[in-house]
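Enquirer: Let me begin by handing over the structure; questions about it come next.
Read-outs: derived from the displayed coordinates by stated rules, not from any lab. Note that the coordinates shown come from a computational prediction; the quantities given were computed from them, not determined experimentally. Here the Cβ positions follow ideal geometry from the backbone for every residue, glycine too, while neighbour counts run over all protein chains shown.
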């Protein structure tokens, strides 16, 4: 990483309404829209950073850098060249999750609105607008998603209130204490929700599991929003007892409801499941609540937290 010039600040810490800094960046903590895959690029055609809502773009006369670049055509400066028809910036596949795009201004500025132009695919599912305060990056504004681009083009995001980090944990998993009664446990789809009846929060992260029966029955199949394709199937034991299915959100979440879709019949459904989060302070998995879907009333059944 290149050494930073020391920025000047009008307000420091906590994402105040008008921080001044020479360095601003977009951090993409959860990668792009492709799904629960470990490697997926993030692509940005153009970025504008504005001091006020509807104001002029301030990205002129400075220097653009990024955590990575896909090739010599898709470099950081392409995201600030006022050209949405040519190449934009694209991260490497390995760097998509946690990648960043930075602009260093000649003089300190404040940024209270960001306009982003993205392709229809490879757009970020979330981002954080951050400034450097001389010692660390501070989040000024966050869009924790899920962001969607209905068509390629611009979306504008305006500062509204000081940023407050969500409570929760970044890694959650289903631990199958008792697997299925048949030979193979099939999980066609898993939704993890932050509130009862809320939207699925499993986007922009990475799925993993104890093991897998093999491609294409891999853990990401349980989070691809497709109940008609291949399911996730553990490899050993194939009935799933003692195995786990994890989703790393790369952002704090609290899971209060889970919807499971199994296949092809009730013999392939788990019988006892613990919903667990990873506590980095104790380096251990903690059971937050449990569900015992021993009597499935319907496929695509929803289970709500009975714990704290």
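Enquirer: Ranked highest first by the average count of other Cβ atoms within 10 Å around their residues, in what order do 150-158, 203-211 fall? Please list the in-between numbers first.
Expert: Working: 150-158: 12.1, 203-211: 22.0.
Top to bottom by mean Cβ count within 10 Å: 203-211, 150-158.
Enquirer: Contact order normalised by length for segment 81-202, with contacts defined as Cα pairs under 8 Å and 6 or more residues apart; what percent is it? Numbers along the way, then the final one.
Expert: Values: 96 pairs, mean separation 23.1, N = 122.
Averaging sequence separation for qualifying contacts and normalising by length gives 19 percent for segment 81-202.
Enquirer: To continue, here is another question. Where a ≥ b ≥ c are the square roots of the eigenvalues of the C-alpha gyration tensor, would you call segment 35-140 rounded, which needs a/c under 1.5, or, failing that, prolate if a/b is larger than b/c, or oblate?
Expert: Details: a/c = 1.64, a/b = 1.37, b/c = 1.20.
Taking the square roots of the gyration eigenvalues as a ≥ b ≥ c, segment 35-140 is prolate.
Enquirer: By how many nm would the segment from residue 286 to residue 181 lengthen if fully extended, with 0.36 nm per residue of separation less the alpha-carbon distance? Please report the intermediate quantities before stating the final value.
Expert: Values: separation 105, 0.36 × 105 = 37.80 nm, distance 2.58 nm.
Stretched out fully, the residue 286 to residue 181 stretch lengthens by 35.2 nm.
Enquirer: Name the residue, out of 167, 142, 93, whose mean-square fluctuation peaks in a Gaussian network model built on the chain with Cα pairs under 10 Å.
Expert: Maximum fluctuation in the GNM of the chain, among the listed residues, is at 167.
Enquirer: Roughly speaking, what is the stretch gain from residue 196 to residue 226, that is 0.36 nm per residue apart minus the C-alpha to C-alpha distance, in nm to one decimal?
Expert: Working: separation 30, 0.36 × 30 = 10.80 nm, distance 2.15 nm.
Full extension from residue 196 to residue 226 adds 8.6 nm.
Enquirer: If the chain between residue 165 and residue 136 were fully stretched, how many nm would it gain, using 0.36 nm times the residue separation less the Cα-Cα distance? If you can, show how the numbers build up before the last one.
Expert: Details: separation 29, 0.36 × 29 = 10.44 nm, distance 1.60 nm.
So the extension gain works out to 8.8 nm.
Enquirer: Taking the chain as a Gaussian network, where each spring joins two C-alpha atoms under 10 Å apart, which residue of 106, 115, 161 fluctuates the most?
Expert: Largest GNM mean-square fluctuation: 161.
Enquirer: Restricting everything to alpha-carbon atoms, can you work out Rg to Rh for the chain with a Kirkwood hydrodynamic radius? Kindly include the intermediate steps, with their values, before the conclusion.
Expert: On the way: Rg = 21.5 Å, Rh = 20.8 Å.
Radius of gyration relative to Kirkwood radius: 1.04.
Enquirer: Now, a different point. Along the Cα→Cβ direction, 7 angstrom out, place labels at residue 266 and residue 152. What is the inter-label distance in nm?
Expert: Each label point is offset 7 Å from its Cα along the Cβ direction, giving 5.0 nm.
Enquirer: Would you mind ranking 259, 188 so that the residue whose beta carbon has the fewest other beta carbons within 10 Å leads the list?
Expert: On the way: 259 15, 188 22.
Exposure proxy ranking, most exposed first: 259, 188.
Enquirer: For residue 241 and residue 94, what does the FRET efficiency come to when R0 = 30 Å and r is the distance between their Cβ atoms, rounded to the nearest 0.05?
Expert: Working: r = 34 Å, r/R0 = 1.13.
The formula returns an efficiency of 0.30 here.
Enquirer: Any idea how far apart residue 57 and residue 303 come out in nm if each label point goes 7 Å out from Cα toward Cβ?
Expert: 5.0
Enquirer: What residue among 220, 83, 95 has the largest mean-square fluctuation in a Gaussian network model of the chain, using Cα springs under 10 Å?
Expert: Per the Cα network of the chain with a 10 Å cutoff, 83 tops the list.
Enquirer: I need the peptides 63-70, 96-103 ranked by packing, meaning the mean over residues of other C-beta atoms within 10 angstrom, with the highest value on top.
Expert: Working: 63-70: 19.1, 96-103: 22.6.
Result, highest mean first: 96-103, 63-70.
Enquirer: Right, here's the next one. Hey, what did segment 21-158 get for relative contact order, percent, Cα under 8 Å, at least 6 apart? Intermediate values should be presented prior to the final figure.
Expert: Numbers: 361 pairs, mean separation 50.0, N = 138.
Here the relative contact order equals 36 percent.
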